[in-house]
Amino acid sequence: MSSSISERIIAIRSSLPDSVRLIAVTKQVSPEAMRCAYAVGIRDFAESRIQEAASKQAQLQDLSDITWHFIGHLQSNKAKKAIEQFQWIQSVDNLKLAQRLDQLAQQLEITPQVCLQVKILPDPNKSGWSRSQLLSDLPALNLCKNLQIQGLMTIPPLGLNDLEILNVFNHTRELAKEIQEHNLSHIQMQHLSMGMSGDYKLAVQAGATMIRLGTILFGERSA
Ligand SMILES: *Cc1c(COP(=O)(O)O)cnc(C)c1O
């Protein structure tokens, strides 16, 4: 099992351009398997539940150069824990949450890195900004000076074909470019976090800078 994790990571890593950061999604993955990933060079780990992450972070404390990414839906009451435990919050999905994180970051005197989660197509199963909502929230987001807004994150709706998925990723890149052209002092758009096990090749083709891979590295999750 462990050697196959390393082999899969090495194979995928070598197929990626150097510009793409491989984020290992480790929800339901054991700390032992995470150590295998670390051993072959993974330094970015992503979790979607604060509690589950806390326990693994404690068990992996000796691996002090890990960067932790939060990728789940974040409730306001967990916001403080999230920015204490994670260097990146990739799933900031509404203005109120961004403002809450900004306020907490100021109190804690930290400047977490965040991505704004966007929905290019309507999707009742996912949270995130639509293009028009995000464009109108930009001035307020630009006031969140304790957040380092680094780019966009997206998850395409289920059931799309490859061309439709590629379109979602291309539109996400174009939206980032459009936002960048507003030249807002506190909003950077260098990162595009897009692509999971089933669609990462399309995401890379569309210019992803971070891909988030779980199943293809660690095998199927039980739930
Ligand atoms: C679970 C998850 C992933 C990884 O999905 P796989 O299909 O297992 O690669 C990526 N991003 C988010 C936001 C997730 O919740």
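A few remarks follow.
- Contact annotation: residue pairs with Cβ atoms under 6 Å, 6 or more positions apart or on different chains, pairing a residue in the range 190-206 that is at negative phi and within 11 Å of the ligand (Cβ to nearest atom) with a partner that is in a helix (DSSP H, G or I) and aliphatic (A, V, I, L, M), are 194/203; 197/216; 199/165.
- Considering residues of the range 207-223 that are surrounded by fewer than 19 Cβ atoms within 10 Å (Cβ to Cβ) and not in a loop (DSSP other than H, G, I, E, B) only, the residue nearest to the ligand (Cβ to nearest atom): 215
- Among the residues making up the range 108-121, those that are over 17 Å from residue 169 (Cβ atoms) and assigned to a loop (DSSP other than H, G, I, E, B) are 109, 110, 111, 112.
- Where strands (runs of 3 or more DSSP E) fall entirely within the range 1-107, those with at least 1 residues that are surrounded by fewer than 18 Cβ atoms within 10 Å (Cβ to Cβ) are at 21-25, 67-70.
- Check on residue 21, free of Cβ contacts under 8 Å to residues at least 24 places away in the same chain and within 20 Å of residue 155 (Cα to Cα): no
- Only a single criterion out of (1) touching a helix residue (DSSP H, G or I) at 6+ places or on another chain (Cβ under 7 Å); (2) free of Cβ contacts under 8 Å to residues at least 12 places away in the same chain; (3) of a type in the set (Asp, Glu) is not satisfied by residue 162, namely (2).
Bear in mind that the values in this text are calculations on the coordinates, not laboratory data. Note that this is a predicted model, so its numbers are computed, not measured. We place every Cβ from the backbone using ideal geometry, glycine too, and count neighbours over all the protein chains shown.
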